[in-house]
Amino acid sequence: AFKAGHRVIAEGEATTMIYCVKSGELSVVEGGSWGVTGRLQGGEKKATLVAGDCFGEHAALYGDSRQSTVVAETRCEVICICIPQLKLVLGEDDLAKHLQRSFLRSALKKIPVLP
């Protein structure tokens with residue numbers, strides 16, 4: 001569990017896990033810096049994550065470092081899934097397919113539907 005204001009992942013970190021939100025609300029922020037109080041200052045909010053959302057798939061799929069910071073806005077619970085264990089269960093090829101599908105599904109959910 002993460003308390004409001006706490007960092008889940010930070011921009012630039014190495015990718016070792018993907019995450020699924022079990023409860024609460026989180027913000028995805030690009031840029032910004034960590035102040036002396038331990039709080040994120042500045043940056044641009046790119047998205048809000050809620051229960052059922054996952055994050056970290058893109059970085060895991062392409063082996064990139066984290067492209068954004070995720071901060072808990074409210075008390076939240078997230079499920080952390082280690083990439084090496086996921087590869088053991090799904091296999092290297094199936095992992096890529098599952099992550100691509102999840103990434104695409106997440107992106108499509110955010111596109112407004114025209115009447």
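Some points to look at:
- The residues of the range 1-58 expose on average 55 square angstrom of accessible surface per residue, using a 1.4 Å probe on protein heavy atoms.
- Figure legend: label point modelled 7 angstrom from the Cα of ARG75 along Cα→Cβ; residues of the range 8-27 with amide N under 12 Å from it are 24.
- Taking the accessible area of the range 13-53, probe 1.4 Å, and keeping the other protein chains in place, the carbon and sulfur fraction comes to 51%.
- With N the number of residues in the range 3-80, Rg(Cα) / (2.2 N^0.38 Å) evaluates to 1.02.
- The range 1-84: trypsin sites (Lys or Arg not before Pro) in DSSP loop, at most 14 other beta carbons within 10 Å: LYS3, ARG39, ARG75
The values are calculated or read from the model by the stated rules, or taken from the named source; none is laboratory data. Values in this document were obtained by computation on a predicted structure and should not be read as measured data. Virtual Cβ from ideal backbone geometry, glycine too; neighbours counted across all protein chains shown. Heads up: the accessible areas ignore ligands, DNA and RNA and are worked out on the full protein's heavy atoms, side chains in. Shrake-Rupley method; radii C 1.70, N 1.55, O 1.52, S 1.80 Å.
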